[in-house]
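Worksheet: the structure to be examined is printed underneath.
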Amino acid sequence: MAEEDDARIRILQSLRGKICEAKNLGPVSGPNRQRDLCTFCTISLDQEEVFRTKVFDKSVSPFYGEDFYFEIPRPFLCLSFYVYAKSVFQRDLPVGKVSIRKDDLCKYSGKEHWLSLQPVDPNSEVQGKVHLEMRLNEVITENGPAGQHLLVRIIECQGLPLISGQNCDPYATVSLVGPARSDQKKTKVKKKTSNPHFEETFFFEVTRSSSYSRKSNFQVEEEDIEKLEIKVDLWNNANLAQDVFLGETRVPVKVLRNDHIHKAWYLLQPKGNGSKSKSDDLGSLRLKLTYIEDTVLPSACYTPLCNLLLKSPDVKPISASAAHILGDICRERYEVVLPMVRLLLHHNRFVPFVSAVAALELDNTQEANTIFRGNSLATRCIDDMMKIVGKNYLTVTLKPVIDEICESYKTCEIDPIKLKEGDNVEVNKENLQGYVQKVFSSITQSSSSCPPLMCDVFRSLRHLACKRFSADPHVQYSAVSSFVFLRFFAVAVLSPHSFQLRSHHPVSISRTLTLISKTIQTLGSWGSLSKKLSSFKETYMYDFFKSFQEDKCIEKVKKVFLNIFLNLDLVSVFEYREVHKRGQGKKRLGKKNFKKRWLRVTNRELSYHKHKGKEAICTINVKDIQAVEKLDESAFNRKNMFQVVHSEKILYVQAGNCVEASEWLEVLGQVTRCNEGRLTTFHPSNYTGGAWQCCKSQSNNAPGCKPCTTIMLASLQLDIDCDRETERIFSLLSSNNTKLQDMEDACASMAVYQGPQREQEEYSKFTIQEPKETFQTLKQLRNIMEELQRQHNIRNDTTAQYGSLDNPIVGKTS
C-alpha cells in the first residue's frame, strides 16, 4: 500500500513572474558593435526557450513590463533570461543573459531584483547529463604485472540541447589527460536525438611495469595517476560546418580503485576557458520571480483541509472562515488567492464566498464612489475569477477587433506633444474614434456571451451595493463597471498578450492600445458615476470625449450592457419559437390537448402565445421554475419532448426538432440555475391512470425517481487539479506559520480582555470579528497542517543517491 501511495506522489513545478526592465544595455557582439537596436527578452529552461517578449523600441534602457506564467513539465537545472537585439538582415544578436541555477531560485522568489547581464559564450551554453562506467584494472601477462589499464564506457546521454530547433546529431570524445599526454577516442554519431544511447567502451593504458618492454612514446609512473583525469566531451556533428560543443565533464582517475566499477551520471559542464567579458559593460535586468515546486500527495491526504476551506462560505462571520484567514495572513502575497479561487470554482462555492467577503468590505466602505477600488481580498478573488472564467469571453468579444487594430497600423496619437512630423491630429482623432467605437460596440453587444458565473457575481455585487448605499442611484452600476471595464476589458485591450488575445503586437500599436484602453475605462466608469467633462486633466481628452457624449455612448453602457448583466430589464433570451405544448390539468390526456403555440423566454419569465407577438396566454415567473428536464418519448408517444416543472403544475413542451429541444433545455437551465427551489429529482414520464408511468408511484406528489440534471455553468470548463491547489494552500499556510500563531494569540487575548485593549492595536492587521469562532478555525487548521506535514515527512525520507539520474555528479571543469 505504501508503494502504491508513493507511486501517486507527484512533483509539480511552475514559474510566475515579470520581466520588468533593463538598463544601460551594452553593445551587442558583431562587427559594428551596435547599441541602438530594438531588443526583446526570452526565458529558457536549460537551453530550451519557453517564453519570449515582444520587441521593444530602440533604447539602452527598455521597459518590458511583461508578466509570465507557465507550468514546468520536466526536470531542469538552470533558468536563463536572455536579452537579444533584433536584427533585420541576420540572426538576432545576444546582448547578455542572466542564469540562475534551480537550487538558487528560492533566493529570488517573490521579490524584484536587479541582476547583472553576463556574456553569452557558445562554449558555456550547455545542458544535459552523461552516464559513464569506469574501471581501473591491473593487467597481468605471462611475465607478470604489466601495468594498469583504464576502461571507460559511454552508456548514454539525456537532455542534450536542441540545435536550431531540431534534435542534434551527437557524438562523444573520451580523453585521458595528464601533464604529458592526451589520448583521445571518439564514439559513433547518433542521428537526430537529444537522448543518445552510445554503449561504447574504450581502453587506455595508464601505467606500465618497469619489467614491461617500453615502446610507447610516453612513460607514466605510479605517482602520476594523481594528475590524470578522464575528460568526456559531447559534440553535435555539423557535417560541412564546424561541430558545436554540447558540454563536458572531467573525472579524476584517482577516484577509481582497482577492480572496482565506478558507474554514475555526470552533469555536463561548460568549458572553463570560454571568453571572459566584464559583465558591467552589458547592463542589468530587473526581474520578479516566484518559483513553486509542490510535492502532491495522494488525494485522501487533502480531504480534511479541502473540506474546511469549502465550508468557508457558510461560516458566520466570514472573517472566521479558513479561506478568509488564508487571505488575511497572506495579504501581501498575490499568489495566495489563485489556488483558493480555483478550488472554490471547481466545487461551485465561489459565488457565496465572494458575496460574503464583498459584504464585509462594503460594511467598511464609507463612500459609494470608492466602492471596490482597492486591492482587497474581494477584488483579488474577482480579478482571478474573471481571468479564469472570462478567457473565452474575451476572445469572442475582443480578439477580432484587436487583430484589426494591430494589422491596420493607423496612427491614433492625439496628444500634441507626442505628434510626429507630418501627423494630422484630426485624422488621428478620427482613426482613434473609429477604433474606440468598434471596441465599445463589441463590448456592449457581448452581454449574451458573458459567462453566467460572472453574471451571478455581478448581480450579487449590485444587490449588496444597493443595500449598503440605498440613496445612491448610480451605485448599482459602479459596483459592476469597476470590474467589467476597469479591471477586465480595459486591461485586456492594453495588454492583449497577457490574455492570449495575440502572441505579440507591434511596438507602434502600444500607444494606440493605451489610448483605447483609457477611453474604455473612462466610458465604463463614466457610465456608472456620471463624471463631467471638466474632470479631464488633458485638454485633448476633453475634446475627444465631447464626441462620445454627443453620440450618447455613455447611455449605452447602462441600457444596453450593464442592464443585461444585472437583469434589470426584460431581456429576451429566446424570441418566439413555435412548439406544441400541453399542460397537466384536469382534462383527460390525449393528442387533442397538444396545441401549437409560440414559446418565449426572457431572463424573468417564460410565456406562450397563440399568435407570435400577441398577448401571452400564460406567463410563468422564471424564479418559480423548479426543474427543466427531458421527457421520455413513451409518455405521450412524441419525440423531442421536455418538461418545465414549476410551483403550480408541469408544462409539457414538444420542440420542433432535436436541436431545438437541446437548445431549450440549455437556455432554460441557465436562466433557472440559481433558483432557490430547484428540485433534486424528477419524473421522466407523466402521471396518468392514477400513477406515475416511470416509477408506478400512485401519489401525484411523490418525489421524483430520477436525479435532476446538474446545471453546469456555460463557458466554464475548467481543468482544475484540486489536490495541487490544496497542496499550494498548505504550503502558503506553512510558510506563514508565525502569522497564524500571532492570529491565535490575538484571538485568545481579545476573548479574555473584552474592549479596546493594547493587544488589539498590535493585532489590527488581522480581521477578527468573532475571536472564539476564529480561534476555533485556527485550531482546526493547525491540527490539519500538522497531520499533512507528518505525511510529507514520511514520504520525504528518501533522497536520490548522488550520481543517480535524478542527482547527477557535478564534475570538474577545465
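Projected label points at SER508 and GLN242, each 7 Å from Cα along the beta carbon direction, are separated by 3.9 nanometres.
Using the Cβ-Cβ distance between ASP57 and ASP281 with R0 set to 22 Å, the FRET efficiency from 1/(1 + (r/R0)^6) comes to roughly 0.50. Centroid-to-centroid, using Cα positions, region 318-370 and region 94-133 are 38 Å apart. In plain terms, the chain from CYS722 to GLN769 could stretch by 14.0 nm, reckoned as 0.36 nm per residue minus the Cα-Cα distance.
Sorting the segments 765-774, 452-461 by their mean number of nearby beta carbons within 10 angstrom, highest to lowest, gives 452-461, 765-774. Between GLN148 and VAL139, VAL206, THR207, ARG208, the built amide H atoms are under 5 Å apart, and every one of these is 5 or more places off in sequence or on another chain. Which links in LYS102/LYS779; LYS399/LYS420; LYS97/LYS518; LYS107/LYS316; LYS86/LYS418; LYS111/LYS191 stretch past 32 Å when you go from one Cα to the other? From LYS102/LYS779; LYS399/LYS420; LYS97/LYS518; LYS107/LYS316; LYS86/LYS418; LYS111/LYS191, over 32 Å: LYS102/LYS779; LYS97/LYS518; LYS107/LYS316; LYS111/LYS191.
Taking the average, over residues, of other Cβ atoms within 10 Å as the packing measure, peptides 664-671, 192-199 rank 664-671, 192-199 from highest down. Amide H contacts of ILE72 (H built 1.01 Å from N, in plane; Pro and chain starts excluded): GLN13, SER14, LEU15 sit under 5 Å, all sequence-distant by 5 or more or on other chains. For VAL810, the residues whose amide H sits under 5 Å from its own are LEU267, ignoring neighbours fewer than 5 places away on the same chain, with H placed 1.01 Å from N.
Considering only C-alpha atoms, what is the centroid distance from region 724-754 to region 631-653, in Å? Going from one Cα centre to the other spans 54 Å. For region 626-649, backbone nitrogen atoms closer than 17 Å to the point 7 Å from ASN701 Cα along Cα-to-C-beta are found at 646-649. Converting phi to 3J(HN,Hα) with the Karplus coefficients 6.51, -1.76 and 1.60 and the offset θ = phi - 60°, region 50-66 yields 10, 7, 9, 7, 6, 7, 10, 4, 4, 6, 7, 9, x, 9, 7, x, 10 Hz in sequence order, with x at every glycine or proline. Per-residue 3J(HN,Hα) values for region 366-381, derived from phi via the Karplus relation 6.51 cos²θ - 1.76 cosθ + 1.60 with θ = phi - 60°, read 8, 10, 5, 7, 10, 5, 6, 9, x, 9, 8, 4, 5, 5, 5, 4 Hz in sequence order (x marks Gly and Pro). Computed from the C-beta positions of CYS106 and LYS438, the FRET efficiency with R₀ = 41 Å rounds to 0.30. Round to the nearest 0.05 the FRET efficiency obtained for LYS316 and THR709 when R0 = 35 Å and r is the Cβ-Cβ distance. Once the sixth-power term is evaluated, E becomes 0.65.
Classified by the C-alpha gyration tensor, region 384-519 has a prolate form. Its axis ratio a/c, with a ≥ b ≥ c, is 1.5 or above, and a/b is larger than b/c.
For HIS611, the solvent-accessible surface with a 1.4 Å probe is about 110 Å², rounded to the nearest 10. Fully extending the segment from GLN118 to PHE70, taken as 0.36 nm per residue of separation minus the present Cα-Cα distance, adds 14.8 nm.
For region 40-100, a/c is not less than 1.5, where a ≥ b ≥ c are the root eigenvalues of the C-alpha gyration tensor, and a/b tops b/c. That puts it in the prolate class.
The values are calculated or read from the model by the stated rules, or taken from the named source; none is laboratory data. Computed from a predicted structure; not experimentally measured. Cβ atoms come from the backbone with ideal geometry, glycine included; neighbour counts cover every protein chain shown. Just so you know, the surface numbers come from the protein's heavy atoms only, side chains and all, with ligands and any DNA or RNA stripped out. Shrake-Rupley method; radii C 1.70, N 1.55, O 1.52, S 1.80 Å.
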